[in-house]
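Visitor: Provided herewith is a single structure, encoded as structure tokens, for subsequent inquiry.
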Amino acid sequence: MMKTTPSPQLKTLGSREGNRAEPVEIWKARNFIHEHSDEELSLTQVAKAVNISPNHLSEKFKQVTGVNFVEYIARTRFEKARGLLHNPNLRVNEIAFAVGFQSLSQFNRAERPRILLTSVFGPYAQDDEHGSRAINPMELYHNQVTRVQGPFSLRMFHRSWGIMLIQANIEAPCTLLDFPTFDRFLEETRNNRYDIVGITGITPNVRKVETMCRLVREHQPLATIVVGGHVANIANIEDRLEVDHVVRGEGVRWFRRFLGEDENKPIRHPRIYSGLGARTMGIPISEKPGEVAATLIPSVGCPLGCNFCSTSAMFGGKGHFINFYKTGDELFGVMRELERDMKVRSFFVMDENFLLHRKRALRLLELMQEHGKSWSLYVFSSANVLRSYTIEQLVSLGISWVWMGLEGKNSKYTKLSGTDTLSLVRTLQSHGIRVLGSSIIGMEEHTPENIDEAIAHSVSHDTEFHQFMLYTPVPGTALFAEHRAKGTLLDPECRNTADIHGQLKFNFRHPNIPAGMESEFIIRAFTKDFEVNGPSVVRMARTTLQGWKRYHNHPDKRIRSRFIWEARDLAVTYSAALWAARRWFDEQPALRQRIDTVLRDIYRHFGLRARVAAPLAGRYIHRQLQREDERLRAGWTYEPPTFYEKTNQPTADPEEVAVSAGLVAATQPSAAS
């Protein structure tokens with residue numbers, strides 16, 4: 001049997017009699033337990049060893065230690081187990097037997113490991129020594145999509161879905177701390193004991209992860225530290241961090257396996273709203289029940305494995321993915337639960353290429369038709385996969401938004417081979433399907449001479465949103481390995497990653513673009529898109545109206561209902577927003593004309609209601625636009641609230657267990673106020 005050494009924490013399990021002398025027989029009994037806790041122990045055996053009667057030992061033991069004999073043994077074994085959790089070669093069930101528990105269930109009854117899962121600390125939208133950057137806020141859209149749209153930019157936050165999924169699928173007591181401030185994280189590690197601390201982060205935030213690991217070691221010296229997320233893609237990251245385990249890939253099964261739980265149990269889907277704190281034009285967007293989509297995570301990873309994709313690389317790369325829900329029936333069941341619990345009818349499908357799993361998608365369509373579900377789905381999909389479906393199938397499946405990689409003119413990626421992306425986007429939009437196009441700046445063929453042509457090609461798609469990213473070899477990707485082999489990486493050991501987030505500069509020597517010029521090119525791309533196509537809110541109104549015009553009288557009630565619901569804000573909210581936008585761009589005739597065309601079309605179809613609402617509410621929105629613009633010019637930044645949620649706690653305090661109803665709640669007010 002494996003031998004263990006007593007943990008320093010065992011000293012806290014001693015006498016509760018303060019400075020009074022501990023009876024010698026109890027002192028002997030406690031020492032005997034410490035020395036033999038990895039063996040089977042009985043009250044009679046210990047009493048015989050210290051030469052007193054079992055009854056006397058039992059009575060006196062609780063008087064002196066404050067706990068009964070059996071509980072004391074269990075605590076002693078558990079404290080020894082905590083010390084062994086640092087050993088990366090041992091699973092929890094092996095540790096349980098090593099310290100003397102006769103079964104894993106006995107170990108769990110004694111005291112399950114207490115777990116803290118946390119994202120990196122904020123604030124985020126500022127330049128600091130920990131790797132935060134003002135240019136890289138905790139906002140996906142404002143960071144990578146609408147960053148030059150000023151007060152028209154879509155501002156919103158997305159929860160740390162990965163650790164929420166883990167928390168929902170382990171049985172041990174688990175606390176989740178999402179978007180903590182530095183002080184809040186420090187407070188948590190100082191004041192609450194944890195056996196396992198899991199930290200997730202992206203590559204640019206590796207310094208924050210280092211700092212958090214160091215603080216955990218200082219304040220929780222016996223805790224096992226686990227690091228995951230994109231930061232785990234950095235080679236040999238375990239040599240840089242004070243960490244016990246680095247999890248590369250999917251974390252639910254890893255944690256279940258480590259905790260001795262059944263790793264193959266069905267995945268319980270957490271209740272996660274797709275976004276929070278959304279605002280645009282200086283106005284918060286409604287978060288009433290039904291207004292915000294539920295996040296749905298059917299799979300992770302993408303078998304297409306584009307060479308630059310860090311997410312694909314994290315889950316195995318080309319040819320690999322992990323299904324949480326393999327069939328359409330499983331997925332439909334989860335969606336019905338989310339619909340019931342969260343009062344939603346739309347789903348943000350967090351799957352790198354959802355429609356690639358054709359059999360599952362078409363079975364889901366059958367079930368939606370059978371049960372009359374007029375759900376809206378926001379999906380990621382490659383162009384060629386989209387083309388493999390008929391437009392009737394896409395509309396019937398409820399595809400409302402598509403995030404699609406356009407990459408660049410003359411792209412050689414297989415997912416775009418033979419596809420006229422301009423024609424595909426126009427077709428989707430004509431059926432009310434809004435598109436978020438994604439293009440790359442700095443492809444190997446790009447030069448200062450042809451970059452404007454490449455940007456113009458991307459802009460000509462006129463998608464509702466357009467993401468621009470620098471061609472960046474992110475650690476763990478095939479592109480990173482390729483540049484490492486060529487010797488063209490600027491920081492092959494990833495020591496300075498804070499600015500390698502795809503929005504500022506290259507981390508390799510580009511064959512044609514001089515260093516530093518890429519920063520101007522990516523801003524040029526965003527600016528050109530905004531100048532030509534206008535604010536995203538105008539484009540959204542245009543395409544939503546196109547869908548409504550085509551389908552609001554459709555014979556299929558399910559389809560008709562969805563398009564009417566999606567267009568519910570056109571007559572008032574959108575007409576007022578467009579009125580304000582038209583006034584904002586009064587001195588830019590081309591944009592004003594573009595906005596006016598959409599607004600007049602809304603007037604034509606929604607009549608007096610829209611004509612009255614537009615100027616009345618539009619004046620208010622215009623004032624809010626001005627105020628938002630003033631805030632931004634004054635340096636205002638937007639930070640997410642902190643979330644603090646507990647599951648599987650030994651004593652369920654309803655004020656502490658924020659997810660007892662399956663929903664999440666912030667513990668700090670939004671910074672939007």
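Visitor: Using amide H atoms built in the peptide plane, which far-off residues or other-chain residues are under 5 Å from residue 402 H to H?
Guide: Amide H neighbours of residue 402, under 5 Å, 5+ apart: 379, 434, 435, 436.
Visitor: Where both residues lie in the chain, what percent of DSSP beta bridges are antiparallel, nearest 5?
Guide: Numbers: 14 of 53 bridges.
Counting DSSP beta bridges with both partners in the chain, the antiparallel share is about 25 percent.
Visitor: To test your reading of the geometry: what angle, between 0 and 90 degrees and rounded to tens, separates the Cα axis of helix 24-36 from the longest principal axis of the chain?
Guide: Helix 24-36 sits roughly 50 degrees off the main axis of the chain.
Visitor: Let me ask something additional. Just the number, please: carbon plus sulfur as a percent of the accessible area of the range 266-376, 1.4 Å probe, no ligands or DNA/RNA counted.
Guide: On the way: 2360 of 4410 Å².
Of all accessible area on the range 266-376, carbon and sulfur atoms account for 54 percent.
Visitor: Give me the accessible area per residue for the range 410-517, probe 1.4 Å, as a whole number in Å².
Guide: Details: 4290 Å² over 108 residues.
Here the per-residue accessible area is 40 Å².
Visitor: Provide the per-residue ³J(HN,Hα) series for the range 225-232, in order, calculated from phi with Karplus coefficients 6.51, -1.76, 1.60 and θ = phi - 60°, each as a whole number of Hz, with x at glycine and proline positions.
Guide: 9, 10, 10, x, x, 4, 4, 5
Visitor: Please go through the residue pairs 409/528; 265/373; 318/359 and name each one whose alpha carbons sit more than 24 Å apart in this structure.
Guide: Numbers: 409/528 16 Å; 265/373 28 Å; 318/359 20 Å.
Table pairs above 24 Å Cα-Cα are 265/373.
Visitor: No other cysteine beta carbon under 4.7 Å away is the test; run it over the chain and list who passes.
Guide: 174, 213, 302, 494
Visitor: If we restrict to alpha carbons, what Rg and Dmax does the range 255-384 come to, in Å?
Guide: For the range 255-384, the Cα-based Rg and Dmax read 16.2, 50 Å.
Visitor: Report relative contact order for the chain in percent, whole number only (criteria: Cα-Cα under 8 Å, sequence separation at least 6). Before the final figure, lay out the partial values.
Guide: Working: 1216 pairs, mean separation 84.6, N = 673.
Rounded, it is 13 percent for the chain.
Visitor: So, one more: Report, by chain and number, residues whose modeled amide H sits under 5 Å from the one on residue 642, excluding near sequence neighbours (fewer than 5 apart, same chain).
Guide: 667, 668
Visitor: Over the range 354-450, what relative contact order in percent results from Cα pairs under 8 Å that are six or more residues apart?
Guide: Values: 102 pairs, mean separation 27.1, N = 97.
Value for the range 354-450: 28 percent.
Visitor: Give the cross-link partners of residue 208 among the lysines, using a straight C-alpha distance below 16 Å as the criterion and excluding same-chain residues fewer than 8 apart.
Guide: none
Visitor: Just tell me which aspartates and glutamates come within less than 19 Å, Cα to Cα, of residue 60; anything on the same chain fewer than 8 places away is out.
Guide: 17, 22, 25, 71
Visitor: If 245, 36 are ordered by their accessible area, calculated over protein heavy atoms with a 1.4 Å probe, which sequence runs from highest to lowest? Walk me through the intermediate numbers first.
Guide: Details: 245 15, 36 50 Å².
So the residues, ranked largest to smallest area, are 36, 245.
Visitor: I'd like to check one number: the per residue accessible area of the range 235-295, probe 1.4 Å, reported in Å² as a whole number.
Guide: Details: 2590 Å² over 61 residues.
Here the residues of the range 235-295 average 43 Å² of exposed surface.
Visitor: Taking every DSSP beta bridge with both residues inside the range 264-376, roughly what % is antiparallel (nearest 5)?
Guide: 55 percent
Visitor: Run the helix sum for the chain: -39,500 (n - 2.57) per DSSP H stretch of 4+ residues, divided by residue count, reported at 222 nm to the nearest 500 deg cm²/dmol.
Guide: Values: 24 runs with 277 residues, N = 673.
That calculation yields -12500 deg cm²/dmol at 222 nm.
Visitor: For the chain, restrict the atom set to alpha-carbon positions and state the Rg and Dmax in Å.
Guide: That works out to 28.7, 99 Å for Rg and Dmax.
The values are calculated or read from the model by the stated rules, or taken from the named source; none is laboratory data. Not measured: the values here are computed from a predicted model. For neighbour counting, all protein chains shown are included, and Cβ atoms are generated from backbone atoms with ideal geometry for every residue, glycine included. Ligands, DNA and RNA are excluded from the accessible area calculation, which covers all protein heavy atoms including side chains. Shrake-Rupley method; radii C 1.70, N 1.55, O 1.52, S 1.80 Å.
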